[in-house]
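The next block holds one structure in the form of structure tokens; read it before the comments.
Please treat every number below as a calculation from the coordinates, not as lab data. All figures in this text were calculated on a predicted structure; none of them were measured in a lab. Cβ placement follows ideal geometry from the backbone for every residue including glycine, while neighbour counts extend to all protein chains displayed.
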Amino acid sequence: MKNLLTMNDLSKEEIIQILNQAERFQKGETWEAGTGKYAANLFFEASTRTKCSFEMAERKLGLEVIPFEAQTSSIQKGESLYDTVKTLESIGVDTVVIRHSLERYFDQLTPLNISVINGGDGCGNHPTQCLLDLLTIHQEFGRFEGIKVSIIGDIAHSRVARSNAEALTKLGAEVFFSGPKEWFKATDRTHYLPIDECITDSDVIMLLRIQHERHEITSTLTKEEYHESFGLTESRKDKMKPSAIILHPAPVNRGVEIADSLVECEQSRIFKQMENGVYVRMAVLKRALEIN
Ligand code: CP
């Protein structure tokens, strides 16, 4: 059984295999996990898209989904993450999807034999979000080589930015960052571009949510000031290439990182990303459960 923890764990060839499988699922291919295969989704941080689309993917593959809610689990009695996952392994669960606020929480689970799929670890990684972003970009442009992707917003706190920057660079795309400079790490600054250069030159504008829950110091910018300085306003959208697309992992703060009117505009692929997420997660689950 295979884990999926970070995008760095996947070779270029493995990424392409997952994307191709996801597309085949989208076109109607079916694969049954087989009887007696069980999945559990352990979300210790809030989620709508990742949790629900994993559950949709699991059901489409015929997996039995064991309900797990952190708030009513024995985590509340002080049980560790390791003992929780070891318990699920012991009772016969084959694969767990985990979202946790601790960066690299999965390192403590390496002694276990159960397949672990990372649904997001703190500011660290979000590999299935990255894969669905890659599928959306590839469906639009048919390639990654030479595609200019600007990731704009709260870079330092974004697991989506990190996973995408790693994978897109590996696949031959050019990645730039923009947003408030105080939300950049020293290593991110080497790829910095002012937002208006990103807007005119990019094929993909990827906007990020401000992750207030991970900030130690509250930003002094109001929502309106952020929108004017770093958001996709209607006037900035008019300067995008006609072929460029808008991505956002969501949830979207309408009127902050993107104008309300642009969330569903003709260049937005935000809801397409969510649709693609189900097929990508089906491909990731198939990879995790297949006996090689
Ligand atoms: N994009 C994403 O991970 O959304 P959720 O937090 O709703 O899962």
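Among Ala46, Ala173, Ala244, which one moves the most in a GNM of the chain with springs linking Cα atoms closer than 10 Å? Highest fluctuation among the options: Ala46.
For a Förster distance of 35 Å, can you work out the FRET efficiency between the beta-carbons of Glu264 and Thr169, rounded to the nearest 0.05?
Working: r = 30 Å, r/R0 = 0.85.
Calculated value: 0.70.
Kirkwood analysis of the Cα pair distances in the chain returns a hydrodynamic radius of 19.6 Å.
Among 227-234, 159-166, what's the highest-first ranking by average C-beta atoms within 10 angstrom per residue?
Values: 227-234: 17.9, 159-166: 23.9.
Top to bottom by mean Cβ count within 10 Å: 159-166, 227-234.
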